[in-house]
Every structure is written in C-alpha cells, then in structure tokens.
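K.L.:
One structure is given below, represented as structure tokens, and several questions about it will come after.
The values are calculated or read from the model by the stated rules, or taken from the named source; none is laboratory data. No experiment lies behind these values; they were computed from the predicted model shown. Here Cβ is always computed from backbone atoms with ideal geometry, including for glycine, and neighbour counts include all displayed protein chains. These area figures cover heavy atoms from the full protein model, side chains too; ligands, DNA and RNA do not enter into them. Shrake-Rupley method; radii C 1.70, N 1.55, O 1.52, S 1.80 Å.
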Amino acid sequence: MGQLADSSILHIRTNLYKACSTNPVYWQPAMTSPEFQLFVYGTLKPGEGAFEQFCQPFTPDRQLAMAPGRLYRLPLGYPAMTLEEGWVQGVLLTFGNAAILTTLDEFEEYYPDNPKASEYQRLRHGVYNLEQTFLTQAWVYTMSLDRVQALGGRWLPEGYWSQAVSKETPQENPP
C-alpha cells in the first residue's frame with residue numbers, strides 16, 4: 001500500500017506541475033474579494049526595494065514558496081519569471097483584499113485591457129511549499145521568453161534573485 005500511495009503522490013505531483021505550468025489561468029479577480037494571493041520573486045519580496053512601498057502598507061501574510069518556472073536576471077535591475085520548466089523561489093503574499101491589484105499592475109506595467117502592450121503578464125499559477133507540495137493557485141507576474149531574450153536576460157539556474165546579489169554580480173558573466 002505504501003508503494004502505491006507514493007507512486008500515486010508522485011503521479012499527482014507530476015500532473016499538477018504540468019497543469020500549473022502549461023495551463024495558466026488569465027482572469028481578473030473581483031476587486032471586492034476578501035483575500036488576494038500573489039507569488040513574488042523579485043523586487044516585491046519582503047526585504048527588497050519595492051516591498052515596503054507597495055506591499056508593506058497592506059501588511060500581507062508571508063510564506064516562503066516556490067512556483068514552476070524559470071527565473072532570469074534582467075540588465076534593467078530586476079528579474080523576470082518565464083513559464084519554462086524549473087522552479088522559482090519566492091514568497092506567497094496573502095493580502096486582506098484585492099484592492100492593491102491595480103497599484104501592483106501599474107508597477108509591473110501590466111495593462112489588463114491591453115496585455116500585448118504589457119511588460120509582464122499577470123496570471124494564476126500553481127504555488128508550492130519548499131518541499132514542492134502544492135499550496136494554492138495565486139497570481140504571479142510572468143514575462144515571455146522572447147521578451148526576456150530581447151532584454152538580454154540571464155538565466156538564474158538556482159531560481160533565486162535578490163537586489164543585493166544582483167548588484168554584486170556583473171552582467172557580462174555567462175549564465
């Protein structure tokens with residue numbers, strides 16, 4: 001029975017990974033919803049440059065987390081996540097309501113009424129704990145691989161970004 005259960009869990013995890021990384025959900029939440037979750041991996045993480053200004057005033061709950069994808073360091077001084085195979089380390093933020101979403105969309109240059117003109121896309125994506133156990137579907141800002149390449153993005157194979165580390169690492173180093 002234990003082997004069957006382990007095999008079933010692995011099968012479920014594999015299918016969840018595939019479903020969450022290949023079938024993102026694009027939709028706009030009701031702005032009056034009581035709770036709003038966002039997976040952050042860059043400047044919106046606690047301790048990074050934009051967290052205090054954009055997130056801290058809303059005192060979100062925080063949980064270390066991971067999401068399927070690949071992380072790139074952009075020469076612009078911030079990262080981008082793509083939907084390629086891999087894992088991105090970050091934080092799952094839970095806000096009291098979704099009113100913050102409009103401000104975050106502006107900061108991330110995401111235009112819900114004109115996604116093609118957006119720097120990032122906002123979508124629902126699977127989020128996992130550090131043991132890679134599924135937690136929830138949350139909003140995340142992602143960028144297309146074409147856009148990342150056009151901007152000169154460098155793959156971060158460890159799936160982790162920090163402004164402090166980014167400033168210490170020269171951009172001309174190979175990935």
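K.L.:
Quick one: in the stretch 89-99, which of the residues that are small (Gly, Ala, Ser) and surrounded by fewer than 19 Cβ atoms within 10 Å (Cβ to Cβ) is nearest to ARG62 (Cα to Cα)? Break it down stepwise before answering.
P.N.:
The first filter runs over the stretch 89-99 and keeps only residues small (Gly, Ala, Ser), leaving 90, 96, 98-99.
Those still in the list that are surrounded by fewer than 19 Cβ atoms within 10 Å (Cβ to Cβ) too: 96, 99.
Numbers: GLY96: 12, ALA99: 18 Å.
Only one residue tops the list, namely GLY96.
K.L.:
Looking at (1) of a type in the set (Asp, Glu); (2) open to solvent by 20 Å² or more (accessible area, probe 1.4 Å); (3) closer than 19 Å to GLN37 by Cα, find the lone condition where ASP105 falls short.
P.N.:
(2)
K.L.:
Let me ask you something else. Can you tell me which residue within the stretch 116-146, out of those that are in a helix (DSSP H, G or I) and over 20 Å from TYR72 (Cα atoms), is least open to solvent (accessible area, probe 1.4 Å)? First the steps, then the outcome.
P.N.:
Restricting attention to the stretch 116-146, the residues satisfying the condition of being in a helix (DSSP H, G or I) are 116-117, 145-146.
Checking which are over 20 Å from TYR72 (Cα atoms) leaves us with 116-117.
Numbers: LYS116: 195, ALA117: 58 Å².
Filtering first and then ranking leaves ALA117.
K.L.:
Shifting gears a bit: Which one of these does GLY86 not meet: (1) farther than 22 Å from GLN56 by Cα; (2) small (Gly, Ala, Ser); (3) at pLDDT below 95?
P.N.:
It fails just one condition, (3).
K.L.:
Further, regarding this structure: Please enumerate the residues belonging to the stretch 147-163 that are over 13 Å from the mean Cα position of the chain (by Cα) and open to solvent by less than 60 Å² (accessible area, probe 1.4 Å). Walk me through it before giving the result.
P.N.:
Here is the first cut: in the stretch 147-163, the ones over 13 Å from the mean Cα position of the chain (by Cα) are 147-158, 162-163.
Scanning the stretch 147-163 gives VAL148, LEU151, GLY152, GLY153, LEU156, SER162, GLN163.
K.L.:
Being among the hydroxyl-bearing types (Ser, Thr, Tyr) and open to solvent by less than 50 Å² (accessible area, probe 1.4 Å) is the filter here, so list the residues in the stretch 74-88 that pass it.
P.N.:
Across the stretch 74-88, the qualifying residue is only THR82.
K.L.:
Report, ordered by the first and then the second residue, all pairs with beta carbons closer than 7 Å, sequence separation of six or more or different chains, a first member in the stretch 137-156 that is more than 11 Å from GLU119 (Cβ to Cβ), and a second member that is part of a loop (DSSP other than H, G, I, E, B) and at pLDDT 95 or above.
P.N.:
Partner pairs satisfying both residue conditions: GLY152/PRO75; GLY153/LEU74.
K.L.:
Additional query: When both residues are 6+ apart or on different chains and their Cβ atoms are under 9 Å apart, which pairs have a first residue that lies in the stretch 95-112 and is within 17 Å of LYS45 (Cα to Cα), and a second that is open to solvent by less than 20 Å² (accessible area, probe 1.4 Å) and in a helix (DSSP H, G or I)?
P.N.:
PHE95/CYS55; PHE95/LEU101; ILE100/CYS55; LEU104/CYS55
K.L.:
Go through the stretch 100-150 and count every residue that is of a type in the set (Val, Ile, Thr) and modelled with pLDDT under 95. Lay out the reasoning, then the answer.
P.N.:
Narrowing the stretch 100-150 to residues of a type in the set (Val, Ile, Thr): 100, 102-103, 127, 133, 136, 140, 142, 148.
Imposing the further condition that a residue be modelled with pLDDT under 95 reduces the set to 100, 102-103.
Going through the stretch 100-150 one residue at a time, the tally reaches 3.
K.L.:
So, one more: Looking at TYR110 and the list (1) in contact with a strand residue (DSSP E or B) (Cβ under 6 Å, 6 or more places away or on another chain); (2) outside any loop (DSSP other than H, G, I, E, B), which single condition is not satisfied?
P.N.:
The failed condition is (2).
K.L.:
Is it true that LEU71 is out of contact with any helix residue (DSSP H, G or I) (no Cβ under 9 Å at 6 or more places or on another chain), open to solvent by less than 60 Å² (accessible area, probe 1.4 Å), in contact (Cβ under 8 Å) with a residue 60 or more places away in the chain and closer than 20 Å to LEU151 by Cβ? Give the derivation first.
P.N.:
Numbers: out of contact with any helix residue (DSSP H, G or I) (no Cβ under 9 Å at 6 or more places or on another chain): yes; open to solvent by less than 60 Å² (accessible area, probe 1.4 Å): yes; in contact (Cβ under 8 Å) with a residue 60 or more places away in the chain: yes; closer than 20 Å to LEU151 by Cβ: yes.
Yes.
K.L.:
Looking at the structure I just gave you, is CYS55 modelled with pLDDT of 85 or more and either touching a strand residue (DSSP E or B) at 6+ places or on another chain (Cβ under 8 Å) or open to solvent by 100 Å² or more (accessible area, probe 1.4 Å) (or both)?
P.N.:
On the way: modelled with pLDDT of 85 or more: yes; either touching a strand residue (DSSP E or B) at 6+ places or on another chain (Cβ under 8 Å) or open to solvent by 100 Å² or more (accessible area, probe 1.4 Å) (or both): yes.
It is true that CYS55 is modelled with pLDDT of 85 or more and either touching a strand residue (DSSP E or B) at 6+ places or on another chain (Cβ under 8 Å) or open to solvent by 100 Å² or more (accessible area, probe 1.4 Å) (or both).
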